[in-house]
Amino acid sequence: MTTPTRDDLIDFVYEEARMLDDGRFDEWLDLWTHDSYYWMPLDYNQEDAKHVTSLLHEDAFMRKLRVERFKGERTFSQKPKTRCHHVLNRPFIDHMDEEKGEYVTHTAFHYVETRLDDQILLAATARHELKLIEGKLKITHKRVDLLNSDAAFGNIQMFL
Amino acid sequence: MSRYANNPQAIRNLIRPTEVHRDVYIDQEVFELEMKYLFANTWVFVGHESQTPNKGDYFTTEIGTQPVIMVRHSDNEIYVLHNRCPHKGTKIAIDRTGNTGKFFRCPYHAWSFKTNGCLLAIPLRKGYKDTGLEESESVHGMAPVGAVKNYRGFIFARLNKDGPDFESFFGESLSSFDNMVDRSPEGRLEVAGPPLRYMHRCNWKMLVENQTDTCHPMVAHESSAGTAIDLWEKMDKPEGTQKPMAMEVIAPFMSPYEFFENMGIRTWPNGHGHTGVHHSIHSDYSAIPGYFEQMVEAYGEERAKAILGENRHNTVYFPNIMIKGPIQQLRLFTPIAADKTLVESYIYRLVGAPDMLLERTAMYNRMINAPTSMVGHDDLEMYERAQEGLHSDGLEWVNVQRLYQEGENFDEITVENGTTERQMRNQFHAWEKYMTLTMEGDAQ
Ligand code: FES
Ligand SMILES: [Fe+2]
């Protein structure tokens, strides 16, 4: 890919969600740049990821840890394993900078997570900051805002 | 069928020196009695004064299952009022936090109240002329709780008017609060953002017990902490690379039993106690540039060293909070039902200290205590399995016998092997005491 089209960007966001639903986590990890962050704020319109609490603010090491933990023999909260399911609205393309190869998308989605007899449904929006690197789109930053980020949840075990 | 109401002996029978009956965790009647007696007779944490910095600022929360409002009145004092309109019961405030100005106004019929609760006005007051309103309880306005104490910025309340005074209830255990606050060069903390909120389908006491359970981290958290250590070791990195902050936070959860045995547990009367007497999982964090110098300037070198040398891990204040001094955190376990507990994890800024300290505090909170945290997941899994397992008729008693010594005296302060379950026994001793303190009748 030299310059991604709008469709390429949209496909990327859909494919990422499908990887998570399919449990293809190693492939998913490869979508990210090494210095990228995955952020889930705790507060509505939160600006500061570092000096107040977030639900998640994870770098490459922490994301990898999460994936390895899923696979672990002694990961008790993953016996049996959680499954997830994404339903995405068509992403908006908020920003395209072809010169720099930088793109921003905004996607509303519903996320379902299930384990044993429990199922939770979350509504969220994702903001992807993408960069074209050696002909491939990579995530440099992903922000997921839960509609009810300030509600009291039980375990939310997978990536949104 | 009421088995426990007005039957202090039946309550006492639930606690044996080394065992606790399962009804303490799963029986709804016991739960309701806890709300009526235990949470009314003890000093319960409400909030931090920095959550209501200005006059008229309020914050809504619960003491046990009682809805209350913490509010800063025009005299700058903090009041804790029952969140209930004296007219027909409507909750006055439902926002978690806000500013009400000079008075509260009930949204139903517009009775209004000063921020200390006193009735200010009733619309169409003449309708009450000659009805004897002066004699009704409603005329007093929003009822304040029995007693309130601001301890170095932390607000505690006792629902009952009479009962143990604050100092004798907490005694020397307040040293953990002192240490946490003294870690600020200005001796002041400020809440940093909203708390994490995490719903647990288990009894609130399982959480409180877990705060001094030092035999579970290397087992339950092997999946996250153990995996983190493996990953870090296998990573390609130049010799002598500094561990990232996240590794410093998570790795000590895998410390061996010996580490926890040697850290020690101190128990205080009335159910309070702490892990980490000699060292803790927080001991080996890297120094934050400039912080020690600020502390020396504020306190002098000797005192600064003494403050920072305390590495208390978890301090439990009975009944339902835990604080972590070295990481400036407070966790509140609010009971909702016998099998349902809301956990809120607050963090505080050390006023005057470098931001990097707060960064570590926030990181700790989200990594360990969030509903999205890998570490919290396995704890919750264990509590919920316990809550379900206790319904098995295979055995009615829960064992808390580790390092038990005959004739334990919980009025004495002790320091013991860090894997003792004495602190849990201490809590149940206090539980029994405050459950039955004002309970009527000794019917056998
Ligand atoms: S219920 Fe509050 S004024 Fe009527
Ligand atoms: Fe734990």
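Miscellaneous remarks
- The B-A contact accounts for approximately 3300 Å² of buried accessible area, totalled over both chains at a 1.4 Å probe radius.
- From its DSSP helices (H runs of at least four residues, each -39,500 (n - 2.57)), chain A gives a residue-normalised ellipticity at 222 nm of -6500 deg cm²/dmol.
- Ordering of B:390-400, B:253-263 by packing is B:253-263, B:390-400, highest average first (other Cβ atoms within 10 Å, averaged per residue).
- Spin-label pair B:N417/A:L29, simplified geometry with 7 Å Cα→Cβ offset, distance in nm: 4.0
- Between the exposed loop cleavage positions of chain A, defined as GluC sites (Glu not before Pro) in a non-H, G, I, E, B DSSP state with at most 13 neighbouring beta-carbon atoms within 10 angstrom, the longest gap is A:1-46.
- Calculated diffusion of the stretch B:309-379, Stokes-Einstein form, Kirkwood radius summed over Cα pairs, 20 °C and 1.002 mPa s, µm²/s: 162
- Protein-only accessible surface at a 1.4 angstrom probe places the residues B:E301, B:E310 in the order B:E301, B:E310, largest first.
- Residue of A:L121, A:L137, A:L146 that the Gaussian network model of chain A assigns the largest fluctuation, springs spanning Cα pairs under 10 Å: A:L121
- Scanning the protein assembly as shown for cysteines with no neighbouring cysteine C-beta under 4.7 angstrom from their C-beta gives A:C84, B:C118, B:C202, B:C215.
- The label-point distance for B:D284 and A:K50, in a model that sets each label 7 Å from Cα toward Cβ, rounds to 2.5 nm.
- In this simple spin-label model, placing a label point 7 Å from the Cα along the Cα-to-Cβ direction at both B:N76 and B:A306 gives a separation of 2.9 nm.
- Each of B:M356, B:Y434, B:V343 was scored by the projection of its Cα onto the charge dipole of the stretch B:341-444, and the greatest displacement toward the positive side belongs to B:M356; charges sit on the C-beta of Lys, Arg, Asp and Glu.
- Average accessible surface area per residue within chain A, 1.4 Å rolling probe, Å²: 50
- Restraint check, A:K81/B:K237; B:K161/B:K433; A:K138/B:K237, Cα-Cα greater than 26 Å: A:K81/B:K237
- Anisotropy class of the protein assembly as shown from Cα gyration tensor, a/c 1.5 cut: prolate
- Gyration tensor verdict on the stretch B:237-314 (Cα atoms; rounded if a/c is under 1.5, prolate if a/b is larger than b/c, oblate otherwise): oblate
- Among the listed pairs A:K100/A:K136; B:K55/B:K91; B:K243/B:K324; A:K50/B:K305; B:K55/B:K340, those beyond 24 Å (Cα-Cα): A:K50/B:K305; B:K55/B:K340
- Computing FRET efficiency as 1/(1 + (r/R0)^6) for B:C215 and B:K126, where r is the C-beta to C-beta distance and R0 is 51 Å, gives about 0.15.
- Helix-only arithmetic for chain B: the sum of -39500 (n - 2.57) across DSSP H runs with n ≥ 4, divided by the residue total, places the mean residue ellipticity at 222 nm at -7500 deg cm²/dmol.
- Put a plus charge on the Cβ of each Lys and Arg, a minus charge on the Cβ of each Asp and Glu, and nothing anywhere else: the dipole of the stretch B:125-167 about its Cα centre is then about 260 debye.
- Comparing B:P86, B:P244, B:P269 in a Gaussian network model of chain B, where Cα atoms under 10 Å apart are tied by springs, the biggest mean-square fluctuation is seen for B:P244.
- Selected from B:M199, B:M35, B:M424 as most flexible by GNM, with chain B as the system and alpha-carbon contacts under 10 Å: B:M199
- Positive-end residue of B:N203, B:S286, B:T100, charge dipole of the protein assembly as shown with Cβ unit charges: B:T100
- Three-way shape call for chain B based on the alpha-carbon gyration tensor, with the a/c threshold at 1.5: oblate
The values are calculated or read from the model by the stated rules, or taken from the named source; none is laboratory data. Note that the structure is a prediction, hence the values are computed from the model and not measured. Quick reminder, even Gly has a Cβ in these numbers, built from the backbone with ideal geometry, and neighbours come from all protein chains shown. The protein model used for the area step is the full one, side chains on, heavy atoms only, and it has no ligands, DNA or RNA in it. Shrake-Rupley method; radii C 1.70, N 1.55, O 1.52, S 1.80 Å.
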